[in-house]
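First comes the structure, then the notes that go with it.
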Amino acid sequence: MSEHSSIHLQHIILIGFMGCGKSTIGRELHQKLGIPLIDTDEAIEHKCGKSISNIFAESGEETFRDLETEYLRDCLTNLTSSSIISTGGGIILREENREILKRLGYVVWLKIDAINVYQRTKKNRSRPILQQPNPKKVIADLIELRSPYYRETANLTINISGLDRYEITTGIIESARYHYSQQAQ
Ligand code: S3P
């Protein structure tokens, strides 16, 4: 695996549970900073020519997780400009992925609680993991299981409750600048 990308590139990577606003905050950061926005789910859908739901239905979750790992490896070797990288909520499940995310750059966890996730995702049918009889319990259990992984991977944790987009993006930009300025010394 190449070491070069994490040395001179200044990526900002967004992680967090489904519905925490990674895509929205990613777009906002993209507009404010004028650097490319990469969305791992969209990249996988584009590569496979299928929706995430179809990948899960036809090939299963493990195949989707393999595609995530493959895509992250590509990012590490092929990205040539500093980017915002918005990720799928389960990307932190594999140790290799967590290592790659850390090597890619500044990782921000947008932390959200189970009640808010439920409110934000209940009408959306595009997330196969939540298409279950008791989504509230599934959400609570998965947040509990995944939180240590998000925590372990992130340089910065932002508890998004009570914050608007402006506050979140400003916090991320200032913290990332500080982080990269300290690295340069
Ligand atoms: C998943 C989250 C989704 C998507 C897939 C699996 C998960 O991304 O990658 O449906 O396991 O949490 P979002 O977090 O963008 O919804």
Review point. Comparing Ile173, Ile84, Ile112, which has the greatest mean-square fluctuation in the GNM of the chain with Cα pairs linked when under 10 Å apart?
Key: Ile173
Check your understanding: Which distance in Å, rounded to a whole number, links the C-alpha centroids of the stretch 1-74 and the stretch 135-185?
Key -> 16 Å
Point to revise | Long-range amide H partners of Ile15 with built H, under 5 Å | key: Val108, Trp109, Leu110
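By the scheme Lys and Arg +1, Asp and Glu -1, what is the net charge of all other residues having a beta-carbon under 12 Å from that of Ser86?
Numbers: positive: Lys22, Arg27; negative: Glu28, Asp39, Asp41, Glu42.
Taking every other residue near Ser86 into account, the sum is -2.
Excluding Asn159 itself, calculate the net charge of residues whose Cβ lies under 14 Å from the Cβ of Asn159, where each Lys or Arg counts +1 and each Asp or Glu counts -1.
Residues close to Asn159 contribute a combined charge of -1.
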Revision key, fill the gap. Excluding residues fewer than 8 positions from Lys137 in its own chain, the lysines with Cα under 26 Å of it are Lys22, Lys111, Lys122, Lys123
Review point. If one takes the longest principal axis of the Cα atoms in the chain, at what angle in degrees, from 0 to 90 and to the nearest 10, does the Cα axis of helix 22-33 lie?
Key: 20 degrees
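If I take every Cα pair under 8 Å that is 6 or more residues apart in the stretch 83-185, average their sequence separation and divide by the length, what percent do I get for the relative contact order? Provide the component values of the computation, followed by the final result.
Working: 67 pairs, mean separation 39.1, N = 103.
RCO, the stretch 83-185: 38 percent.
What's the Kirkwood radius of the chain in Å, using all Cα pairs? Could you put the intermediate results ahead of the total?
Values: mean 1/r = 0.0595 Å⁻¹.
Computed over the chain, the radius equals 16.8 Å.
Only the coordinates and a few stated rules stand behind these numbers; no lab work does. This structure is a prediction, so every number in the text was calculated from the model and none was measured. Heads up, the Cβs are rebuilt from the backbone with ideal geometry, glycines too, and the neighbour counts pull from every protein chain shown.
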